[in-house]
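Worksheet: one structure, shown below.
Derivation of every value follows stated rules applied to the coordinates shown; laboratory data play no part. Keep in mind it's a predicted model, so treat the numbers as computed, not measured. Note: ideal-geometry Cβ built from the backbone for every residue, glycine included; neighbour counts use all protein chains shown.
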Amino acid sequence: MSTTEQLKQLRDLGAATIYEAQGAKGALDSAMKPIDPTVRLAGPALTVDARPADNLILHYAVQKAKPGDVLVVDAKGFMEAGPWGDVLTLQAMKLGIAGLVISGCVRDANLIIELGFPVFCRGLSIKGTGKNQPGKVNVPIVMGDVQIHPGDIIVGDRDGLVVVARNEVEFAISNSLAREEKEAKQRAAIDQGATTAELLNLTDTLKRFGLV
């Protein structure tokens, strides 16, 4: 189980750094973005398999979530309904849920942003949903080409989202910190006049293509 300090480290390191540091894996597709680009998110996934245009299972899922959980909802990428809005946001915040990631749309975006609740989605839709179809909670789900298991850590920020397997958290953090240290040295070298081509050993490649 990830500690509060580990989650803070992951949140501060950011999605792009973690994605690269853990071997260029775990990134959700680029259409999944925060409705408020200033938010940052890190927490264990409570996975939800939902039916398109129906949010019955979301009302159930918030009752099952623990404080700090991130609801990660496979709504099948459906874009013509907003199964999450202001009412569910208020309840989620009351219960201490850390945020929402949904492969689908939400609505009431202005209020959600004002409340400061992190939401990552594919877009916005004003259309309502039914409350008739069952779904599943705490089962493996797939978003794009990434499988997400209950308890995996979701990290999100303006750049996007990355999934860290729950048994690879320490590996992701240590590799990310090493990457941050390396990039800090690169920035210092650039400040002293070095070029990115030199730092990344690209000179021979550029010569081979006649670009030097």
Over the chain, with a Gaussian network built from C-alpha contacts below 10 Å, which listed residue (69, 145, 54) shows the highest mean-square fluctuation? 145
Of 129, 17, 196, the most mobile residue in a GNM of the chain (C-alpha springs, cutoff 10 Å) is 196
Could you check which residue among 101, 142, 119 shows the biggest mean-square fluctuation in a GNM of the chain with a 10 Å Cα cutoff? 142
By how many nm would the segment from residue 204 to residue 59 lengthen if fully extended, with 0.36 nm per residue of separation less the alpha-carbon distance? 46.4 nm
Hey, for a label at residue 3 modelled as a point 7 Å past Cα toward Cβ, could you say which residues of segment 156-172 have their backbone N under 13 Å away? 170
Rg in Å to one decimal, and Dmax rounded to a whole Å, for segment 72-143 via C-alpha atoms: 11.8, 32
With a Förster radius of 30 Å, plug the Cβ-Cβ distance of residue 133 and residue 111 into 1/(1 + (r/R0)^6) and report the FRET value to the nearest 0.05. 0.70
To make sure I understand the rule: partners must be aspartates and glutamates, Cα under 16 Å from the Cα of residue 64, and not fewer than 8 residues away in the same chain. Which ones qualify? 49
How large is the charge dipole for segment 4-165, taken about the Cα centre, if only the Cβ atoms of Lys, Arg (+1) and Asp, Glu (-1) carry charge, to the nearest 20 debye? 340
With unit charges on the beta carbons (Lys and Arg positive, Asp and Glu negative) and the dipole taken about the Cα centre of segment 119-158, which residue among 141, 128, 156 sits farthest to the positive side? 128
Kindly work out what percent of the DSSP beta bridges joining two residues of the chain are antiparallel, to the nearest 5. 55
Please list, ordered by chain and number, the residues whose modelled amide H lies under 5 Å from the amide H of residue 101; skip anything fewer than 5 residues away on the same chain. 71, 72, 73, 120
List every residue whose amide H lies under 5 Å from the amide H of residue 161, counting only residues 5 or more places away in sequence or on a different chain, with H placed 1.01 Å from N in the peptide plane. 28
Which order do 209, 120, 171 fall in if you start with the one that has the fewest other Cβ atoms within 10 Å? 209, 171, 120
Pairwise over distinct Cα atoms, reciprocal of the mean inverse distance: report the Kirkwood radius of the chain in Å, one decimal place. 18.2
List, in the order given, every pair from 8/185; 94/182; 25/94; 8/131 whose Cα-Cα distance in the structure shown is over 30 Å. 94/182; 25/94; 8/131
What FRET efficiency, computed as 1/(1 + (r/R0)^6) with R0 = 45 Å and r the Cβ-Cβ distance, is obtained for residue 126 and residue 25, rounded to the nearest 0.05? 0.80
